[in-house]
Amino acid sequence: MQPNLKAVQAQASFSVRMCALSICVFAAFGLRAEASAAEAPRYYGSVTDSKGNGIAGAVVGAYHFPEQRPYPNPELLTNVITGVDGKFEVNVPAYSEFVVRKPGLAPGWREARSFKTNELPIVLSAPTTLAGVVVDKAGKPVSDAEVFVCTAHYGDKNDWAGFLWGKLARGLFSSRTDANGRFQIENFPANTRLELDVSAPGQVLPPRRCEYGSENLLWRSGQQDIRLMVEPPATIQGKIETETGEALTDARVELETVGHTFAVPWERVRGVTNGSFRFTGVAAGAYQILTRFGTNDPPDWVAETAAVSVQPGQSVAEVEIQAVKGGVLRVSSTDKRTGKPIEGVYFTVRAGSEYLHTTSGGNGLGFFRLAPGRYAVQGTKGELGFAHAEAQVEAGQTNEATLEFAAPPVVSVVVRDPSGNPAPGVSIWLHPEWPQRERKTDANGRHEFVHRENPLVVVAVDAVRDLAVSREVEEGVTNLDVRLAPALTVSGRIQDPQGKPIASTNSILYLKSGSYGYPVSWQPVTTDARGCFKLVHLPADRAYYVQVNARGYGSAQPPVPAEDDRHVELPPIVLKPATLKLAGRVVDASETPLGGVYIYVSGNGQPNMDTRTDSDGRFDLDVCPGSVSVGVHFQELQTSLQANAGDTNVLVVLKPRSGRSEPEKSIRAPLVGKALPELASVGLPRAAVVPGKPVLVCLFDCEQRPSRQALRQLNEQVEMLREKGVTVLGVQAAVVASEVFERWKEASPVPFKIGRVAEKKPSLTWATEVDSLPWLILVNSRGRVAAEGFSMEELSRKLGELTQ
């Protein structure tokens with residue numbers, strides 16, 4: 001696997017931001033309920049104006065959210081007054097919200113974090129006004145409607161403590177429309193972004209789907225032209241019955257939007273049932289209905305998530321939820337070395353679109369009630385890391401799954417010089433590791449480290465004598481003895497098509513381990529004024545490639561040729577200038593703009609780059625002349641397309657793969673334990689499968705980058721797989737035009753047979769209705785499917801299990 005570094009970094013940054021925001025969101029509701037006065041730290045804060053001057057006499061209200069659901073009510077804990085220097089002190093639980101008021105200035109706010117007690121100041125500004133109009137679907141003004149702020153953020157976009165949510169925001173900033181539908185919200189702070197909601201009899205504001213993040217809030221301070229269009233609300237009702245038709249009374253039903261939305265409650269809407277449920281005032285869109293039964297753990301009943309989609313004013317009255325006893329899954333967590341139970345393991349099971357959680361008790365056990373089927377169980381605990389297992393749940397039975405944990409082993413490495421003597425003071429680097437840090441051998445040439453990653457490459461470097469060595473550490477290895485050898489030097493030159501040097505790049509050297517590529521951050525690729533670079537002290541026993549990027553240019557990824565010389569000079573690396581624009585807009589199936597959509601470009605010599613759409617769904621990229629491969633990812637939706645550089649009106653419509661707006665339970669039956677379906681239906685000959693030999697089938701979509709990456713990895717492993725007697729086959733599982741498929745095959749030849757799905761039909765749901773592509777299916781020597789839906793990283797383990 002040869003990763004796009006910028007994409008990897010962007011994805012890592014995105015994950016961190018999403019994690020941080022999740023902390024904020026859930027802290028605002030569930031986690032806040034767990035804080036107590038005993039846990040309250042001393043918070044030291046300050047209130048200033050925009051120039052940093054302290055504001056005396058400001059009232060700081062500290063609010064807490066003791067309720068978890070359905071709508072948290074803020075509870076005022078205390079009011080304090082700022083001193084002459086604008087500072088204040090107060091004991092509050094983590095995730096409390098400070099709201100500051102001072103006559104003549106707009107309110108300000110900040111959340112008290114659990115890990116800091118002295119943060120950025122709360123800045124008060126001169127007040128601004130928000131104004132606009134509320135109209136119905138016919139364009140007529142809506143009078144006497146409440147317009148209120150449901151979310152607001154000020155400060156740096158990455159400062160998650162700058163959010164104000166829910167009822168606190170509504171209490172501060174609210175207005176009612178006049179006879180002409182006009183509203184005006186006074187006293188709103190400057191330099192703040194926000195989202196609005198509307199409360200009006202018989203009307204509801206449609207939810208706007210977008211990624212969480214301050215930059216995706218739609219409105220800004222001082223806007224006077226806001227137009228909010230409301231529509232008639234929908235109603236969803238139904239009933240909950242057992243398999244015998246008995247109504248269940250001890251049940252809770254939750255209505256949850258599909259995908260992240262603004263301008264709707266963050267928490268799920270609840271309806272308490274007596275055998276039936278009813279949700280009113282529902283905005284048009286796609287929802288899922290989740291059902292909980294009683295208070296027992298595990299519960300006495302279970303029901304699958306029901307999907308429903310409603311239009312404005314529609315009444316859906318026939319939603320039926322069937323409760324079943326299902327089976328109990330008992331998950332045990334044990335110490336792999338001692339066999340003793342482990343307390344406090346956090347278990348997770350995915351059931352449909354839901355993730356269910358529990359924590360092991362002192363006996364190491366956790367329990368789930370699940371509908372019959374096959375499930376993946378995961379468990380995590382601190383330094384013990386992660387474990388997983390698969391379990392088949394049968395109705396009416398207690399089914400078992402065991403997760404074994406072991407503390408990561410400590411590996412002791414001895415580094416020797418070419419003559420065999422211990423080498424003290426030698427640098428040790430581990431790959432993968434982020435961030436990478438330099439270690440040193442001791443006076444006896446020894447060093448110890450914790451082996452947390454598989455596969456792992458250890459690199460030892462003696463920069464003084466230009467010696468180096470690398471070694472792959474297999475699972476279970478606890479001792480290494482390596483000997484340094486003369487190191488490799490790689491040099492090259494980066495230039496444009498006219499031979500002009502490119503002096504400033506953001507390039508990375510990667511070392512390879514099998515199908516993986518690891519960034520060598522301790523060896524930066526820096527160019528001089530002539531565009532030249534030199535990489536030194538590299539182990540000569542390793543393959544490398546250089547990923548070259550430069551601002552304003554495309555990219556290249558030349559491999560370092562395997563030569564006997566200690567100094568390898570690469571041919572000139574030519575980057576095309578990015579002189580053209582690629583711009584457009586991303587919308588959903590209803591043509592609503594989507595903010596925060598992840599757009600990335602790579603390959604074909606184009607820049608390795610990414611961006612996000614703004615709140616209007618627009619994006620703008622600088623690209624090189626020619627064809628551009630564009631990937632688009634948003635929540636659970638994704639697509640890819642080919643565009644031409646210079647096109648500034650690209651329209652991307654994101655919708656579920658099925659083409660429907662609501663999530664649907666897949667009608668695909670699991671294949672594990674069954675015979676592989678007939679491959680002739682996807683254009684593969686029967687002779688493609690050798691009787692008595694295992695088979696690996698990769699379902700893919702040639703128009704999606706993850707699938708193409710998986711195929712590249714299979715290319716690199718196909719010989720190894722053949723040596724093990726495994727036949728590799730590929731199936732284009734997404735329906736694409738014949739010319740698109742043939743053009744891809746010609747441009748990307750693979751050393752194994754490829755079939756394709758020409759059209760969707762019930763007999764091919766095993767290929768077309770998987771959860772995501774790529775999708776791997778492993779068939780044992782008896783012709784039965786042994787595993788499916790696993791990752792490339794799990795392939796080696798899955799193959800090992802075939803022989804057990």
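The values are calculated or read from the model by the stated rules, or taken from the named source; none is laboratory data. None of these values were measured; they are calculated from a predicted model. Cβ atoms come from the backbone with ideal geometry, glycine included; neighbour counts cover every protein chain shown. Areas reflect the complete protein model, heavy atoms only, side chains present, ligands, DNA and RNA absent. Shrake-Rupley method; radii C 1.70, N 1.55, O 1.52, S 1.80 Å.
Electrostatic tally near V458: other residues with Cβ closer than 9 Å to its Cβ, Lys and Arg +1, Asp and Glu -1, net 0. In the chain, taking the dipole from charged Cβ atoms about the Cα centre, the farthest positive-side position among V574, G57, V316 is held by V574. Taking the protein heavy atoms of the chain in the context of the full set of protein chains, the accessible area attributed to carbon and sulfur is 50 percent at 1.4 Å. Return the subset of K440/K798; K576/K655; K157/K576; K512/K534; K51/K102; K157/K512 for which the Cα-Cα distance in this structure is over 26 Å, preserving the input order. Cα-Cα > 26 Å for K440/K798; K576/K655; K157/K576; K157/K512; rest within. Taking the square roots of 5 times each eigenvalue of the Cα gyration tensor of segment 504-570, largest first, gives ellipsoid semi-axes of 20, 14, 11 Å. Looking at the chain, the accessible area is 46 square angstrom per residue; that uses a 1.4 Å probe and ignores ligands, DNA and RNA. Projecting the Cα atoms of G646, P762, G617 onto the charge dipole of segment 609-762, computed from C-beta unit charges around the Cα centre, puts P762 farthest toward the positive end.
If you sort L641, L714 by accessible surface, 1.4 Å probe, largest first, the order is L641, L714.
In this simple spin-label model, placing a label point 7 Å from the Cα along the Cα-to-Cβ direction at both N91 and E354 gives a separation of 4.0 nm. Charge tally for K534 (other residues, Cβ to Cβ under 15 Å; Lys, Arg +1; Asp, Glu -1): -1.
Assuming charge only on the beta carbon of Lys and Arg (+1) and of Asp and Glu (-1), the dipole of segment 150-287 about its Cα centre is about 380 debye to the nearest 20.
Note on W219: accessible area is roughly 40 Å² with a 1.4 Å probe, heavy atoms of protein only. Under 14 Å from a label point set 7 Å out along the Cα-to-Cβ vector of M720, the amide N atoms of segment 452-483 belong to 454-457, 472-475. Rg/Rh for segment 53-175 stands at 1.02; both radii use Cα atoms, and Rh follows the Kirkwood definition.
Calculate the FRET efficiency for E742 and R784 from the Cβ-Cβ distance with a Förster distance of 51 Å, rounded to the nearest 0.05. With a Förster radius of 51 Å, E is 0.95.
Derived scalar couplings between HN and Hα for segment 81-95 equal 10, 5, x, 5, 8, x, 9, 8, 9, 6, 8, 9, x, 4, 6 Hz in order, rounded to whole Hz, by the Karplus curve 6.51 cos²θ - 1.76 cosθ + 1.60 (θ = phi - 60°), x for Gly and Pro. Approximating the spin labels as points 7 Å out from Cα along Cα→Cβ, the T129-to-E404 distance works out to 7.2 nm. With the whole protein complex present, L679 retains an accessible surface near 10 Å², based on a 1.4 Å probe. Considering only the other residues whose Cβ falls under 12 Å of the Cβ of N187, what net charge follows from Lys and Arg at +1 and Asp and Glu at -1? Here the count lands on +1.
Surface listing: L384, L684 arranged by accessible area from highest to lowest gives L384, L684, probe 1.4 Å. Using only Cα coordinates, the Kirkwood hydrodynamic radius of the chain works out to 30.4 Å. Converting phi to 3J(HN,Hα) with the Karplus coefficients 6.51, -1.76 and 1.60 and the offset θ = phi - 60°, segment 757-768 yields 8, 7, 7, 7, 7, x, 5, 10, 4, 4, 9, 8 Hz in sequence order, with x at every glycine or proline. With all protein chains in place and ligands, DNA and RNA left out, the 1.4 Å accessible area ranks M609, M229 as M229, M609, largest first.
Each listed q (0.14, 0.17, 0.21 Å⁻¹) maps to a log10 I(q)/I(0) for segment 191-325, found by the Debye formula over equal Cα scatterers with no solvent: -0.70, -0.92, -1.20. When each full DSSP H helix of the chain is screened for a Cα extent of at least 18 Å along its own axis and an average Kyte-Doolittle hydropathy of at least -0.5, the helices passing are 5-27.
On a per residue basis, the convex hull of the C-alpha atoms belonging to segment 678-804 measures out at 101 Å³.
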